[in-house]
Each structure stands twice: as structure tokens, then as C-alpha cells.
1. Would you point out which residue out of B:E440, B:E462, B:E478 is touching a residue at least 12 places away in the same chain (Cβ under 8 Å) and open to solvent by 30 Å² or more (accessible area, probe 1.4 Å)?
2. Filtering the range B:216-243 down to residues that are within 9 Å of chain A (Cβ to nearest Cβ) and open to solvent by less than 10 Å² (accessible area, probe 1.4 Å), which residue is farthest from A:G25 (Cα to Cα)?
3. For B:V82, are the conditions met, namely being open to solvent by 40 Å² or more (accessible area, probe 1.4 Å) and under 28 Å from B:I211 (Cβ atoms)?
4. Residues in the range B:378-391: is at least one closer than 20 Å to B:V290 by Cα, among the small types (G, A, S) and surrounded by 16 or more Cβ atoms within 10 Å (Cβ to Cβ)?
5. Could you tell me whether B:G375 is surrounded by fewer than 16 Cβ atoms within 10 Å (Cβ to Cβ), more than 24 Å from the chain's Cα centre (by Cα) and within 14 Å of chain A (Cβ to nearest Cβ)?
6. Could you list, in sequence order, all residues of the range A:74-111 that are open to solvent by 50 Å² or more (accessible area, probe 1.4 Å) and within 14 Å of chain B (Cβ to nearest Cβ)?
7. Hey, any hits in the range B:451-468 for a residue that's over 22 Å from B:R272 (Cα atoms) and not small (G, A, S)?
8. Could we say that B:L435 is in the same structural domain as B:F270 (by TED's automatic domain parsing), in a loop (DSSP other than H, G, I, E, B) and open to solvent by 10 Å² or more (accessible area, probe 1.4 Å) here?
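The values are calculated or read from the model by the stated rules, or taken from the named source; none is laboratory data. Keep in mind it's a predicted model, so treat the numbers as computed, not measured. Cβ placement follows ideal geometry from the backbone for every residue including glycine, while neighbour counts extend to all protein chains displayed. The protein model used for the area step is the full one, side chains on, heavy atoms only, and it has no ligands, DNA or RNA in it. Shrake-Rupley method; radii C 1.70, N 1.55, O 1.52, S 1.80 Å.
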Amino acid sequence: MGIISRLVKWSRVKSPWILHFNSGGCNGCDIEIIAALTPRFDVERFGILLKGTPRHADVIIASGPVTRQTQARLRRIYDQVPEPKFVMVVGSCGASGEVFKGCYNCLGGIDSTIPVDMYVPGCPPPPEAIIDGVVKLLAKVGGEESG
Amino acid sequence: MDNQMERETEVGETWAREEEIVRDLRSVLGEKLLEAEIPTKRRVFVKVAEGAHREAISMLVDSGVWHLSTISGVDTGDGFEVVYHIFDHNRGVEVNIKSPVPRDNPEIQTITDLIPGSSIYEREIMDLLGIRFPGHPNPRRVILPEDWPPDQYPLRKDWKPEQLTKASRRYAEIPTKPGQVILQVGPQHPALKEPINFEVVVEGEVVVDFIPHIEYNHRGVEKAFEERTYLQGIYLAERICGICGHSHTTVFVEAVEQLADVRAPPRGRFIRTIVAEMERIHSHILWLGVAMHLIGWDTMLMYSWRDREVIMDLLELVSGNRVNYAMNTLGGVRRDIRNDQIHKIRKGLDILEKRTLEYRDICLKEDTLMKRALGVGIVKPELAKKMCAVGPLIRSSGVKTDVRYDDPSVGCYEELSGHWSVVTSDLCDIVGRVLVRVDEVLESIKMLRWMLDNLPNGPIREKVPKKIPEGEAVARYEAPRGEVIHYIRSNGTDKPDRVKVRAPTWGNYSAIFESMKGLYIADIPINFGSIDPCMACASRTTFVDVSHSKPKKWTWTMEQLVEYGIRWYENRGYKR
């Protein structure tokens, strides 16, 4: 492994940039994700930075059930994220559709549209759980580096 | 406040004001008034003959009524029924006018000329039930996805999700004049909230027209209510919105309690209101941070979100969860508040009060906010009334209206009246909306202290039968963002026949989009943010310059749009 690619991988683990996408959820998870970024919980300690565009991101944090109209957009956003990319689902309805299962305009969880690496269940999961999920995801990112 | 007291004593138990409205309607409609019913205080249900709804509504409008809460469409099996929910502020009564619509020719005359704010509600019924409104100025699709087939209507009882086919349908082209540009905003947002898309027609820097596409977040909750029992419905109602979920469950359970003729015991109603006011504090502080982020003042975002954790801890203490508290249940609440918890809540409120006073001070003196927001996004009281705006938006236009004050039938607001005041502001702009919200936090703290002092003893819930008798009920409540209203029609089983939900943001859209016209592009984020949109905002901004023969396109994210706004102001001498 060349020194440049080792440097890139090292920086990816030390400072993953994330993109947040809500595909039609109730906002609860999104507020908790933001709460994880603000002073009490502060995931920027781990070098995590919220970015505005998928092209800058390493990790997509997705929440909410996939609605009919957002499905194509979610796929497009996933395609725009450069490889290697990771998807973390926050919340139960992103994992399975939860309370919205059976609604005519919901297609199920995030994994009905794009592959998912990590699920954080809860309705909504508290920021502590989100941080736990992020740390475990980073271990996975790091594991892929060595492997 | 005196006004309120007078009304209370005058009405008594005779329901004089409700009967007066029925008398007035009967004098205008005569034979065309088919049924009139006063199921409870502050509610009137009338059924009018086909086509007579306009006469009834124009009579109400002539007598000074301006607020249309929402319009519900109901499939009754052999026909449809359209229900107009109109609130009479002078008499404090919600008038529900039902008008039948035949199934073979579903048409009913529009009321957009009488109440312009009805436009968005009529379009919603067009989408979901396929009822046409002849005379509607803009009968476009509003809530169903773009690939939804044009002849399928999900809220009709004979429609099943299996029937759904895909149609390839794109948005209609927006006609533009030379020199005008269409700006695409949305649907993905880097920081917050839900997907939505706007098409903004601009001329240079100035917004000419504002067309929202809000169907991204449409999940089909109203249909889902019909397939769930009332008890399951509470959990669904909680998840309509992750910020004001408690308000949705409050109106849902209050409406079902009206139908079952059960009233929650006093302690239950107090605890319900305590959680609701705590939710308001958390929501307003949250909004303060987000709004300041939108004008590039991230210091304030971090400060306010740090202090928001105080109220989040209290909510977790009371309910066991930070969001989606699951406190409400049919006939009361699920958890009691213990004395040691009350002690902790009081301590938390002291911290919050101190911090909120400081925010108010900072906001009033800080140039960062004043130079960006003073005089921006003006919503005059006439416009707010015309467009049936709700919540802090209309109160910041100087109109004194608050469901907790006008219609205190929910929770323990009847006991609370006199112990708080409605906050208004005459500024009509974004600074006004900031001040109204900050002052409302202080009012909520005052109300919470009073409720904790006067918390009655006794049981917290009443038993409610599984099967709810046939009937219909309307419950309204002032959620943090404004009036939320649920209309429930039951059919004698354990599942509702129809649940109509109107969230406050839906009511504020018309007014705020009207106020966008004439603004600069740089002011779009903060002006839209100023209504505290519940399904919100934007990221990918595509600019299409149609003034050239070959249209030019480029894309911005919301972040870049916010940055552009900050830079635009800096170049004009407004320093951060």
C-alpha cells in the first residue's frame, strides 16, 4: 500500500465527512442527529463534519421511511458519493418502515433502495446511541483499511 | 384576558353563542340548512344542501369571520362530503359546515374568492379524493408524487394500494417571461429536516414567484389511520412530526374523548398540558438556533442548543424519552409526575428563564440579527388574515390569536386562563417572529410554574371503551408552530372512519410564499425558516437562466445558498 493511499485511509477514519438525508421521516431523528453535533454531545470530537453535498461525503446518515417521490433522489445521492461509501441508518423507520409500514406512499426502510452498513434502532435513538453507531462504523471503516 | 373571562361567564352552560350562530345560518339558508348540531361547547356542526355552502360561508365572512382552519373531504360510501372548519374569533366557536358532493359528478364550487387561504386545502382534496372545485385559480397537484397516476385517489374507500400503477408524469412547465430565471431549491438539506423542493422564479436578485413541491414527505398517514385502531392511532399521530408530536397526540386523544364522551381527570389534563408546554419551550429554542444558523450566526446556534439540553433532560425525566414522549393515551396520560421530579423541573426552569432573558437581550441588541432581519419578510396583518396564517407568524403581525386563548377546550387551559398572556408583536417581520417565540418561552415557563404549584391530586386516566360510538369531533390545539386540528369521524367500530390532520406549517405556507415575492434570493432561507417549517428546506439549488436561447443551468446546495446570502450582505457593508 502506497504512502498516499495510506494517508487517505488514515484521514478517512480520523475525519469522516457525513451527509444527512431524510427520505420522508418525522424529523425526530434529524433533530437528534443535529443534537449529536451540538455542544453537549459534540461528535466533531471524532473529526466528524456535516457536509452539504454528497460529493464531499464518506458516510450517508439516512433517516425515515423511503417515500415514493424520494426513492429516485436517494439513489441519485448514493450514486454521487465517491467510493468507498458507507450508509448508516438512524431510527426504526429507516430500518424497517416501523409505524409507517403499509402506508401507500412508503416503500419501506432505507435498505429497500440502497445498501446499508449500519443500523441504529430507536424512535428516535438518543444522541448517545447515534455516537455509539458512528464509533462502531468507524471501526468498520478502519477494518476495511487493513483488510 | 378580560375579554376571555367575559366570554366564559356569558356562555355558561346554555351555549348561547353556538345557538346564535345556528340561528344566523338558518335565517340566511332557510330550508337549505338540513341539520344543525351542537355536540359540545364551542363546536357547531351544520349540514347544508348541495351548493348552499357558499351562502353560509359568505354570511360568516360578512359578519367578520376570517379564519378557515381547514377543509376535510370525506368518502361516505354513496357520495362525498366536504367539511369546512371555520373559526369565529368573535364568538369563539368552531363552525363546521358540511356539504354533500355527488359521487358520479364530484364537483363543488370553490370558496377561494371568499377566503383566499382555502386554495391549498382545496387542492389537497382534489389530489386525495378527486373532487373538483370549479373556479379554483390554480388547480394543480399539491401533495401526491409526480409519478402518481392521474385517475387514482387514495382516500376513496374503494381504492386499494394494490391498484397503484406508475405513470410517467413530470411537473408542468412554469411559464416565464424573458429575463426571469427559475431556481430549484431542494429536496436534500445538509443540516436539518425533511425533503421539500421549491421552484423560485427570479428576476435578477428579486423573487417573482414561489412554487412549492411538498409531496416528498407525503407518507399517507390519513389513510393509515383508517387501518389502525384508536389506540394504535395515538402512536401514529405522535410520529406525524418529531418535534411537535405531543401536540398531535393531544388533539387526537381529545377528539376521541369527545366522541366517547369521556373527559380526562384533572391531574391527567394538567400533566398533558405540562408536557405540551415543555415541548413548546424545546421547539422554540430549537427554532432560535436554526434561524440564527440560517443567517450565519452559528455561535447563537451552539449556545441555544446547549441550553435546549436542559429542557430535553426534563422531558426525558418526565416521559422517559427525549422525543416522542408517548405520554398521552385515551382518557388521560400514561405516567404520573412525582414530587421529586417537580423539584427538578423547577430547578431546570430557573436556568432556562435566566438564559432566555439573556437571549432576548442579545437578540434585541445584536446587529447581526437586526441588520439581516429587520423589515425582511413582511407579512401584514391583512395578508396573514386573508391567507389564514396561524401561530407565531400571525401573532408577529399583531393579530392577537392563540388557540389556547380563543378555544381553551384542550388540556387545562380553562384553568390557566388569566395566568398567562398572548404574545404579539407589531413588527410583522422576521425580528417580530424571533421576539414572539422568545417571549412565548417565558410565558410557557410562567404557565409551567403555575401548573406545578396547582397540580391537583387524583387519578391520571379514565377508562375509555375500545369501540367508539358513531359521531364526529374536531379538536384544536396551539402547537409550537400554530394551530393543529384533527377532525375525526367514527363509525361505531374500534377504527376511525376518517381522520383529517392539518399541521400548522400547512396553514402558514400560503402567507409566507406570498411574502417571498419581492425579496432577494439571499433572504429566502431565513424567511422560509422564520415560520419554523415542519417539513422543510432545501439543498440542491439549480439555477436555470432562461433569458438566453440555450437555457443555462448551474447547481447550488443550500449551504452555498446560505453562504451566498451571508456574502451578499457583507458586500453591502453589513459586517458580522
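1. B:E462
2. In this case the residue turns out to be B:A224.
3. Considered against the rule, which asks whether it is open to solvent by 40 Å² or more (accessible area, probe 1.4 Å) and under 28 Å from B:I211 (Cβ atoms), B:V82 comes out as no.
4. So far as the range B:378-391 goes, yes, one or more of its residues are closer than 20 Å to B:V290 by Cα, among the small types (G, A, S) and surrounded by 16 or more Cβ atoms within 10 Å (Cβ to Cβ).
5. no
6. Selection gives A:R75, A:R76, A:D79, A:S96, A:E98, A:K101, A:G102, A:L107.
7. yes
8. Spelling it out, it is not the case that B:L435 is in the same structural domain as B:F270 (by TED's automatic domain parsing), in a loop (DSSP other than H, G, I, E, B) and open to solvent by 10 Å² or more (accessible area, probe 1.4 Å).
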